[in-house]
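S.K.: Got a structure for you, questions after.
Taken together, the values in this text are just the output of simple stated rules run on the coordinates, not laboratory data. Here the structure is a predicted model, which is why all the values come from computation and not from measurement. Note: ideal-geometry Cβ built from the backbone for every residue, glycine included; neighbour counts use all protein chains shown.
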Amino acid sequence: MSTGSHGVVGGIRIDLNRLHETWMELVYPRQRNATDTVLGTWTPDSAVGMALYRLWSALGVPVIALVYPLVLCGVVLRYQTRRIDGTATRLGVVGVVLLSALVWGGLAALARYEPGRINLVSGGFTAVAVAGGVATLSAALAVTFRRVGGRGTTVVLAYPFAVTAVFLPPVVAALYSTTVAAVVIPASDSLSRWFLYEVLASVGLAEFFIQNFERDDIAHILIWLGISIPVGWVLGLLVTLADLVRPTE
């Protein structure tokens, strides 16, 4: 539902009202979009029930205050993802693969015949070619899961593969190019140290990973693959939240 005909303030009021109705419907029936129906919004018929009803309503206010900024973030992300999704839908899986292969093939050709133009000194052609293959495969899988599945498949699989198509190619390229590695690997190493000593150490798992895993080349790929998956889930959930609160026509 667009807020254009209601103005910014009116749109925010509609969003907050729909969020509150959704909160109420977690416990009570016939709350969301029930005001203008024949039966109307359900309310308790006892004093105790009404007190609990109002208490639950009040508890929803701080929850909504925390959630609504995420809704707005999801609306912005939805606009961008819809544009990308529309282009991918028009191209189809084959079109996405061919376009990605054309772009990355052109970059690989530049790396092969004119290495100075793209700042790849060692292993430039191989780096771009392998990174292009990862990006192309990830993009194809993202489009495929977006088309064949419903909301759950899109969030769980399509979004992570789409993020992988962006995050993973530079890391793969770093394994074949010393110039790219000089930029990517230190950043990846810093991120892995933070995750190890700040996140895993807080739950007592840091020592296990220190003793059993080395931060070698494959480890950096696994690190960024591990980042891509939850980031994709978060993006998908934010867009889903935006669809719930502010559905499109």
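S.K.: Treat each spin label as a single point 7 Å out from the Cα along the C-beta direction, and report the T178 to F208 distance in nm.
M.R.: 3.9
S.K.: Among 131-137, 152-158, what's the highest-first ranking by average C-beta atoms within 10 angstrom per residue?
M.R.: 131-137, 152-158
S.K.: Also, quick follow-up: Where the centre of each part is set by its Cα atoms, how far does segment 71-89 sit from segment 46-69, in angstrom?
M.R.: One Cα centre to the other: 31 Å.
S.K.: Compute the Cα gyration tensor for segment 17-88, then decide on rounded, prolate or oblate, letting a ≥ b ≥ c be the square roots of its eigenvalues: rounded whenever a/c is under 1.5, prolate when a/b is larger than b/c in the other cases, and oblate in all that remain. It would help to have the intermediate numbers written out before the result.
M.R.: On the way: a/c = 4.67, a/b = 2.08, b/c = 2.25.
Here segment 17-88 falls in the oblate category.
S.K.: Would you kindly state how much longer the chain becomes between V67 and A101 on full extension, computed as 0.36 nm times their sequence separation minus their alpha carbon distance, in nm to one decimal?
M.R.: Details: separation 34, 0.36 × 34 = 12.24 nm, distance 4.01 nm.
The V67-A101 span can extend by a further 8.2 nm.
S.K.: Shifting gears a bit: Given axes a ≥ b ≥ c from the Cα gyration tensor, I'd like to know whether segment 127-212 is rounded (a/c under 1.5), prolate (a/b larger than b/c) or oblate.
M.R.: Oblate is the answer for segment 127-212, as a/c is 1.5 or above yet b/c matches or exceeds a/b.
S.K.: Here is a further query. In whole Hz and in residue order, list the ³J(HN,Hα) couplings for segment 42-55 that follow from phi through the Karplus curve 6.51 cos²θ - 1.76 cosθ + 1.60, θ = phi - 60°; x for Gly and Pro.
M.R.: 6, 9, x, 10, 10, 5, 5, x, 5, 5, 5, 4, 5, 5
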